[in-house]
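Engineer: Pasting in a structure now, in structure tokens, and then I'll have a few things to ask.
All of the numbers you see were taken from the coordinates with simple rules; none came from a lab. Keep in mind that this is a model prediction, so the values were computed, not measured. Glycine gets a Cβ as well: all are built from the backbone with ideal geometry, and neighbour counts include every protein chain shown.
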Amino acid sequence: FSRYDRTMAAEGNDSNVMPMEHLYRLLLLLTFIAPLTGHAATLGQARVNSFLGQPVVAEIDLIGLTGGKHEDLRLRIANERHFERMGIVYERLLSELLFDVVRSGRQWLVRARTERPITEPFIDFPLQMTWPGGQMIRQYTLLLDPPKRVRTARVSGDTPIAARQRPPTMAAGNSYGP
């Protein structure tokens, strides 16, 4: 503060002047809050990579997670109170969902999966992510589409037999199957 500012503050005209004591308190508060912002990760969009009648495989983006911080994250289905508050009915199959934090390329993901096939067309649940000093809960709805069926071409009566019996060709690097 300048000499003028201190004089004004001493005379009671401190409406625009922040005393040094307040400034020190603010800096001290920011010093304690700064380490808590190290886990500023949030849960992003979910992508389902499986079909109805298969074990669930889904990926949820982890946004803002820095390297080494993934070890502190804990993910699980939220408790009953959160289900009630969000208006979600708890389904028994939710106890089978497993969550892992994995790295895919340069991005961190939450991989949600089950070990057995799921026959429900959608799964609705609140996911709780906790870390030292905080937590967040986000609702997800995973839609499980029926498996895509491979359509076979009909062979017309005038197609030569050799053309009908030719095995399909595959480009190099492609594969078939789950």
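Engineer: Explain nothing, just compute: Karplus ³J(HN,Hα) = 6.51 cos²θ - 1.76 cosθ + 1.60, θ = phi - 60°, for every residue of the stretch 98-107 in order, whole Hz, x for Gly and Pro.
Structural biologist: 10, 10, 9, 9, 10, 10, 10, x, 9, 10
Engineer: Shifting gears a bit: Go through the stretch 98-146 and name the trypsin sites (Lys or Arg not before Pro) that are in a DSSP coil and have 13 or fewer other Cβ atoms within 10 Å of their Cβ.
Structural biologist: Those that pass, being in a loop and sparsely packed, are R106.
Engineer: I need the peptides 57-64, 128-135 ranked by packing, meaning the mean over residues of other C-beta atoms within 10 angstrom, with the highest value on top.
Structural biologist: Packing order, densest peptide first, comes out as 57-64, 128-135.
Engineer: Given a Förster distance of 25 Å, report the FRET efficiency between R92 and V57 from their Cβ-Cβ distance, rounded to the nearest 0.05.
Structural biologist: Working from the Cβ atoms, E equals 0.80.
Engineer: Another question about this same structure. Label-point separation (nm) for Y140 and S104, each offset 7 Å from Cα along Cα-to-Cβ?
Structural biologist: It is 1.1 nm.
Engineer: Let me ask something else. Rounded to two decimals, what ratio of Rg to Rh does the stretch 54-137 give with C-alpha atoms and a Kirkwood Rh?
Structural biologist: Over the Cα atoms of the stretch 54-137, Rg/Rh equals 0.98.
Engineer: Taking H placed 1.01 Å from N in the peptide plane, check which residues at least 5 places from Q139 or on another chain put their amide H under 5 Å from its amide H.
Structural biologist: It is L127, by chain and number.
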